[in-house]
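What follows is a short report on a single structure.
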Amino acid sequence: MKKYLLLGVCLLWSFNCVAQQNEVEDFFSELVEEKQKPEGVEDKGLTARKVFEINPKTDNLPSIKAPKIETKAEREVFKKANIEKEVAPFGLYWGASMRDTEEAGVDLRPFTKKSEVNAYTATSLPKPIKDFSVVVDFGDTDELWKITAYSTPQKDDGKASKVVELYKKFYNLLEKKYGVAKENVSDAPNIMMGDDGYLEALKNKEAKASASFNSGSVIANIEIKALQDDHTFMILEYISKKITRAREEDILDAL
């Protein structure tokens, strides 16, 4: 009986993660459209570039004010306070609270109005990656458990050459760090990754390229996307297995 309960909990958690990821992607696309629509022009041919450059005076998204750590000594205090926590991508710490993260000098702003997910755009990161915008999720328990990074959308050619090159580059890097991936590449009829027409196949969801790296403590996912205005981007997602397991055990204990 306990075995089936655990299976049910895992399926429920997995479904929730997928739903949240879909919502984040939907919001990302809408944010692109809202921010890049020129005055007097319809929603076609959007440039989709500076995706997260939000104007706080017009966006109704309150900024989060927090004391910033300016000195090296203060940053060392932050590191010591999180010494038992596992280091996460971008110089963050798995399980760190929102306050801990703010006090490390990271700027946080609410990411989505659509969900109760405790998600924020994060800037001034300890270890940023150029041309990537980062969203951190602290969940209901105020513990950093998921990090999602979006590459800056860029105008691509019919082969989707730019995003394919980016995908292959990060695939190789992630494989070195997290081990062999489970790759999911589905090509459109007679169109393989990097062929002429691949961009259109991505836009029409006839083609897909993603991979999942499952290490001992972290799941790292990578996927490429195409917008209708011929811009492409890549999503990097990291999930702490330790925190998700702890949450599953709490749910199981409550059943």
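Phi-derived couplings, Karplus 6.51 cos²θ - 1.76 cosθ + 1.60 at θ = phi - 60°, listed residue by residue for the range 230-238: 6, 8, 10, 8, 10, 10, 10, 10, 10 Hz, with x used for Gly and Pro.
Packing order of peptides 121-133, 98-110, highest average first: 98-110, 121-133 (average count of other Cβ atoms within 10 Å over each peptide's residues). Over 27 Å apart at the Cα level, from the set Lys146/Lys169; Lys127/Lys159; Lys159/Lys182; Lys155/Lys177, are Lys127/Lys159; Lys155/Lys177.
Highest-first packing order for the peptide set 148-156, 192-200 is 148-156, 192-200, based on the mean count of other beta carbon atoms within 10 Å. Rg and Dmax, both from the Cα atoms of the range 154-226 and both in Å, are 12.8, 39.
Per-residue 3J(HN,Hα) values for the range 85-93, derived from phi via the Karplus relation 6.51 cos²θ - 1.76 cosθ + 1.60 with θ = phi - 60°, read 8, 7, 5, 10, x, 6, x, 8, 10 Hz in sequence order (x marks Gly and Pro). In percent, rounded to a whole number, the relative contact order of the range 154-226 is 35, using alpha-carbon pairs under 8 Å and six or more apart. Quick one: which residues, 5+ away or cross-chain, put their amide H under 5 Å from the amide H of Ala96? H built at 1.01 Å from N. So Ala96 has HN proximity to Leu144.
Readers should treat all values here as calculations from the given coordinates under stated rules, not as data from a laboratory. Because the structure is predicted, anything quoted here is derived from the model rather than measured. Don't worry about glycine lacking a Cβ; one is built from the backbone with ideal geometry, like all the others, and counts go over all protein chains shown.
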